[in-house]
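Sharing a structure here in structure tokens format.
The values are calculated or read from the model by the stated rules, or taken from the named source; none is laboratory data. A quick note: this is a predicted structure, and the numbers were derived from the prediction, not measured. Glycine also receives a Cβ, built like all others from the backbone with ideal geometry; neighbour counts cover every protein chain displayed.
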Amino acid sequence: MTEHPSTAPAAARRGRGLLIAAPASGSGKTTLTLGILRALARRDVPVRGAKSGPDYIDPRFHAAASGSECRNLDPWSMPPERIRALAAGPGLLVIEGAMGLFDGAPPAGRGASAELARILGVPVVLVIDAARMGHSVAALVRGFVAHDPGVRVAGVILNKVGSSRHERMLRHALAPLGIPVLGVVLRQDGLAHPARHLGLVQAEERADLELWLDEVAAIVEEAVDLAALARLAAPLPPPAEAPTLPPPAAHIALAADQAFGFAYPHLLDDWHRAGAAIRLFSPLANEPPPEADLVYLPGGYPELHAGQIAAAETFRRGMAHHVARGGAVYGECGGFMVMGDGLIDGEGHRHAMLGLLPLETSFENPRLHLGYRRLAPLAGPWTMPLAGHEFHYARTLWQKGTPLFSAADAEGRPLPPAGIARGVISGSFMHVIDRLPPDLEPPSRTSSLHQEGRAEA
């Protein structure tokens, strides 16, 4: 007898979930997660993806593979109630971890993928890069199984296995542990996905994306026991009420294309539910912003399209008209750079940008800036402490003006103030993720203000 949805058990209506993790980055968990999502979707299994941590690239691939929108679940930036609310939904939730299973922010590893497993009560499937490993695989898995009693490693997938002989050796070593080997993927060319300095090439940049996803799914279907993997999934906890981030304006014009692709779906959903009207436009298509209270220029890869942005006269005139009418502009990372006077690309060519902020940035001699940030607004559209993330290689050659944020790192250590605010025009390199969780102290609103106008080496 088939249960009517309204009478089905609440746990079934909530859906089930599991976490795909690894001992370290580079083990192949992204590719295997995409193959699992696409393979299950091809079998008409209701499946959706989620990504651990502050990632803009992988969720686009998850969405393409599964046919369902992917959410970021970030236990550094989000309280447990927020994570449970974002994870809730029907079907099977396959969460891709970040870095190694227990790797998080300093000093204690807050925000690790393992924290998601504890918050949601879901099991972990560990992807092992076995290319250069034999019997030692047992010691590795045993350590991950025993490390945290609150995290249940329920199965392993052996990746980059060299031969049937190699597989027999690995299975023999793991047999005494009683941990199911859910799949064995042989080492092969063609699975790796091209990358650039911020991670994978964006999903919409691959003309062969559907073909590649189907090829990966075929490999996974051959190598992984998908039915056994799905049976491991645990019921997701009921959604909880969680505070959201209010919209920065009532009417928002959002730049959205390959140069401005890094806007978090959970924030856009927050703003829609709060009644904000969000209209999209494409600077790369030389479109002016639609009429709005605020133009939001999110991050992305403007350095790869700097010449096209500089030549987009309709876009530039539309932005100037918006500002002349008193409209606000807010930019993050790549959007912040486009708001400046000029951007120097990796080949050393300078491109004139919008000139809305006194700022010059460069990708010559790139330098990595990376980490979670605690942010206290000093100006701009935000009114509460924020959790953010910084990840870019651009250098600031010079900037002037009032800082947008007081900032501290993940450990709460003060950083120089971030960004620039000129009236209702503001931006910074910080990607805002959510409200700052209540257990994290915001930085002082007055610290390091003497840094105004500093140059970054």
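Checking Thr314 against (1) assigned by TED's automatic domain parsing to the domain that holds Leu356; (2) touching a helix residue (DSSP H, G or I) at 6+ places or on another chain (Cβ under 7 Å): exactly one of these is not met. Which one?
Unmet for Thr314, out of (1) assigned by TED's automatic domain parsing to the domain that holds Leu356; (2) touching a helix residue (DSSP H, G or I) at 6+ places or on another chain (Cβ under 7 Å): (2).
Just checking, does region 41-64 include any residue being hydroxyl-bearing (Ser, Thr, Tyr), under 15 Å from the mean Cα position of the chain (by Cα) and not in a loop (DSSP other than H, G, I, E, B)?
Scanning region 41-64 turns up at least one residue that is hydroxyl-bearing (Ser, Thr, Tyr), under 15 Å from the mean Cα position of the chain (by Cα) and not in a loop (DSSP other than H, G, I, E, B).
Go through region 322-349 and give me each residue that's among the small types (Gly, Ala, Ser), farther than 14 Å from Arg395 by Cα and surrounded by fewer than 24 Cβ atoms within 10 Å (Cβ to Cβ).
Result: Ala324, Gly326, Gly327, Ala328.
Answer yes or no: is there a residue in region 154-168 that is assigned to a loop (DSSP other than H, G, I, E, B), under 26 Å from the mean Cα position of the chain (by Cα) and crowded, with 19+ Cβ neighbours inside 10 Å.
No.
Conditions tested, residue by residue: (1) surrounded by 22 or more Cβ atoms within 10 Å (Cβ to Cβ); (2) at pLDDT 95 or above; (3) not assigned by TED's automatic domain parsing to the domain that holds Asp74; (4) not in a strand (DSSP E or B).
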{"residue": "Arg374", "(1), (2), (3), (4)": "yes, yes, yes, no"}
{"residue": "Gly380", "(1), (2), (3), (4)": "yes, yes, yes, yes"}
{"residue": "Met384", "(1), (2), (3), (4)": "no, yes, yes, yes"}
{"residue": "Gly388", "(1), (2), (3), (4)": "yes, yes, yes, no"}
{"residue": "Thr396", "(1), (2), (3), (4)": "no, yes, yes, no"}
{"residue": "Ala407", "(1), (2), (3), (4)": "yes, yes, yes, no"}
{"residue": "Leu415", "(1), (2), (3), (4)": "no, yes, yes, no"}
{"residue": "Ser426", "(1), (2), (3), (4)": "yes, yes, yes, no"}
{"residue": "Ile433", "(1), (2), (3), (4)": "yes, yes, yes, no"}
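Quick one: Asp44 ticks every box in (1) at pLDDT 95 or above; (2) under 19 Å from Val216 (Cα atoms); (3) surrounded by 20 or more Cβ atoms within 10 Å (Cβ to Cβ) except a single one, so which number is it?
Status for Asp44: all satisfied but (3).
Check region 78-95 and report whether any residue there is among the small types (Gly, Ala, Ser), crowded, with 24+ Cβ neighbours inside 10 Å, assigned by TED's automatic domain parsing to the domain that holds Gly143 and in contact (Cβ under 8 Å) with a residue 40 or more places away in the chain.
no
Take Gly355 and tell me if it is in contact (Cβ under 8 Å) with a residue 60 or more places away in the chain, surrounded by fewer than 21 Cβ atoms within 10 Å (Cβ to Cβ) and in contact with an Asp or Glu (Cβ under 6 Å, 6 or more places away or on another chain).
no
Then there is this: Collect the residues in region 11-40 that are among the polar types (S, T, N, Q) and out of contact with any strand residue (DSSP E or B) (no Cβ under 7 Å at 6 or more places or on another chain), keeping them in residue-number order.
Ser25, Thr31
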